[in-house]
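Report on the structure given below.
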Amino acid sequence: MRARSYDVAFYLPTLGPLIDSDAAVPFAGGAETQIWLLARGLARRGYAPCVITADTPRGLPERMDDVDVVVRPDWEGGRGLRGQIDQLWTLWCTLSPLRAITVQRAAGFSTGLVGAITRARGRTFVYSSANIIDFEYERLASSRRHLWLFHLGVRLANLIVVQTNEQAQRCRVRFGRDAVMIRSIAEPAAQAAGSPDVFLWVGRLVRYKQPQEFLSLARALPEARFQMVGLGSGDDAQMEQMVKSEARGLPNLELLTTRPRAELFPLYERAVAVVNTGAWEGMPNTFLEGWARGVPALAFAHDPDGVITSDRLGGFAAGSPERLVSLAQEMWASRNDRSDLEQRCRDYVQREH
């Protein structure tokens with residue numbers, strides 16, 4: 001690969017589905033969405049960004065929306081130390097020709113690999129947090145080597161970027177470092193025009209997202225309607241099968257097929273609330289997309305920076321299933337009389353994001 005100069009290079013290997021417009025490609029998550037929105041925004045302002053990602057089955061373009069797309073080759077060495085060496089070599093070959101500030105998003109072993117290569121090449125390395133669990137990564141790391149590599153990357157980072165005050169505080173406590181807070185981006189959107197008649201859940205079908213809590217909510221409120229867009233994960237096939245099996249027994253719940261991000265937006269038009277049941281989060285992108293349209297949030301276990309409560313942007317159950325049901329009942333009963341709530345949601349996004 002020839003040497004290329006950029007203002008900033010974003011490394012996120014799962015970004016591909018946002019760039020590939022093929023409708024068969026499932027939606028990407030919040031971390032990917034934020035990086036892609038940021039890269040496109042920088043390009044519109046005259047900067048030269050690129051994104052580094054793994055390929056998709058159909059293949060990615062070299063450029064999209066004035067953002068260069070650098071495809072990182074697939075790993076070939078398998079698991080274990082040999083695989084890690086192959087990953088390091090692949091990343092070296094991919095990153096070395098890029099003269100740029102390099103930003104790596106979300107906790108993982110690649111934080112250390114990308115950080116080491118970037119610093120070895122004499123360039124600035126930025127670690128960008130995507131979730132509060134990044135500061136307790138020992139709960140997620142699949143091996144001691146992966147945990148060590150993540151901590152190495154944090155130490156090597158010239159700058160740590162977080163989304164919320166909560167993340168900044170956790171960074172200070174866990175790593176003894178001050179982080180720079182850059183709030184998540186929310187794209188402008190028109191007020192939802194449909195009559196609200198369904199609770200909406202969008203996310204990956206993995207344990208920490210706790211999709212079973214949404215199923216339990218649907219079971220507890222047979223008079224209400226529920227829609228779920230769940231992306232299966234090869235790492236948690238059991239959870240995916242459980243959700244599909246239980247959903248078949250809930251006549252008021254519709255399990256929708258996965259779809260590109262742009263095709264999710266019409267679902268917000270009739271949402272009573274955007275529901276998040278994750279055990280830990282950053283700033284959920286689904287909340288931002290809902291609030292931008294005047295749709296409130298209903299959170300089970302995590303209220304980012306306490307804004308749902310402090311700014312009255314929906315309901316927060318503080319981890320209580322009973323409270324979640326009670327809040328949903330209230331939202332369902334008042335769904336056609338919430339103009340003040342809708343305006344607060346839109347005002348918050350315009351003011352803060």
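The values are calculated or read from the model by the stated rules, or taken from the named source; none is laboratory data. Since the structure is predicted, the reported quantities are computational estimates derived from the model, not experimental observations. Counting neighbours? That spans all protein chains shown, and the Cβs are built from the backbone with ideal geometry, glycine included.
Within the stretch 123-132, can one find any residue that is closer than 16 Å to residue 87 by Cα and in contact (Cβ under 8 Å) with a residue 40 or more places away in the chain?
no
Within the stretch 339-353, the residues that satisfy the criterion of being free of Cβ contacts under 8 Å to residues at least 60 places away in the same chain and surrounded by 15 or more Cβ atoms within 10 Å (Cβ to Cβ) are 341, 344, 345, 348. Filter the stretch 192-211 for residues that are surrounded by fewer than 23 Cβ atoms within 10 Å (Cβ to Cβ) and charged (D, E, K, R) and give the result. Listed by number, the residues that qualify are 197, 204, 207. Selection of the stretch 93-120 for residues being crowded, with 16+ Cβ neighbours inside 10 Å and more than 24 Å from residue 162 (Cβ to Cβ) yields 94, 98. Residues considered: 309, 286. Of these, the only one that is closer than 19 Å to residue 131 by Cα and assigned to a helix (DSSP H, G or I) is 286. On the given criteria, is residue 79 farther than 15 Å from residue 54 by Cα, at pLDDT 95 or above and of a type in the set (Lys, Arg)? No: the conditions fail for residue 79.
Looking only at the stretch 60-97, how many residues end up being in a loop (DSSP other than H, G, I, E, B) and of a type in the set (Gly, Ala, Ser)?
3
Number of residues in the stretch 250-265 that are of a type in the set (Gly, Ala, Ser) and either in contact (Cβ under 8 Å) with a residue 60 or more places away in the chain or in a loop (DSSP other than H, G, I, E, B) (or both) equals 0.
For the stretch 33-59, filtering for residues that are under 18 Å from residue 94 (Cβ atoms) and either touching a His at 6+ places or on another chain (Cβ under 7 Å) or not in a loop (DSSP other than H, G, I, E, B) (or both) leaves 8.
Within the stretch 115-145, being closer than 30 Å to residue 5 by Cα, over 20 Å from the mean Cα position of the chain (by Cα) and not in a loop (DSSP other than H, G, I, E, B) holds for 115, 116, 117, 118, 119, 120, 125. State whether the residues of the stretch 267-276 include one that is part of a helix (DSSP H, G or I), more than 18 Å from residue 321 (Cα to Cα), under 22 Å from the mean Cα position of the chain (by Cα) and assigned by TED's automatic domain parsing to the domain that holds residue 320. Scanning the stretch 267-276 turns up at least one residue that is part of a helix (DSSP H, G or I), more than 18 Å from residue 321 (Cα to Cα), under 22 Å from the mean Cα position of the chain (by Cα) and assigned by TED's automatic domain parsing to the domain that holds residue 320. Can you find a residue that is buried (at least 20 other Cβ atoms within 10 Å of the Cβ), under 19 Å from the mean Cα position of the chain (by Cα) and either closer than 28 Å to residue 280 by Cα or not charged (D, E, K, R) (or both) anywhere in the stretch 54-72? No, every residue in the stretch 54-72 fails to be buried (at least 20 other Cβ atoms within 10 Å of the Cβ), under 19 Å from the mean Cα position of the chain (by Cα) and either closer than 28 Å to residue 280 by Cα or not charged (D, E, K, R) (or both). Applying the criterion of being touching a residue at least 60 places away in the same chain (Cβ under 8 Å) and assigned to a loop (DSSP other than H, G, I, E, B) to the residues of the stretch 312-337, the residue that is surrounded by the most Cβ atoms within 10 Å (Cβ to Cβ) is 335. Highlighted here are the helices (runs of 4 or more DSSP H) found entirely within the stretch 146-249 that include at least 1 residues which are of a type in the set (S, T, N, Q) and in the same structural domain as residue 111 (by TED's automatic domain parsing): 165-175.
Restricting the first member to the stretch 56-73 and to residues that are among the hydroxyl-bearing types (Ser, Thr, Tyr), and the second to residues that are assigned to a loop (DSSP other than H, G, I, E, B), the beta-carbon pairs closer than 9 Å and six or more apart or on different chains are 56/20; 56/22; 56/25.
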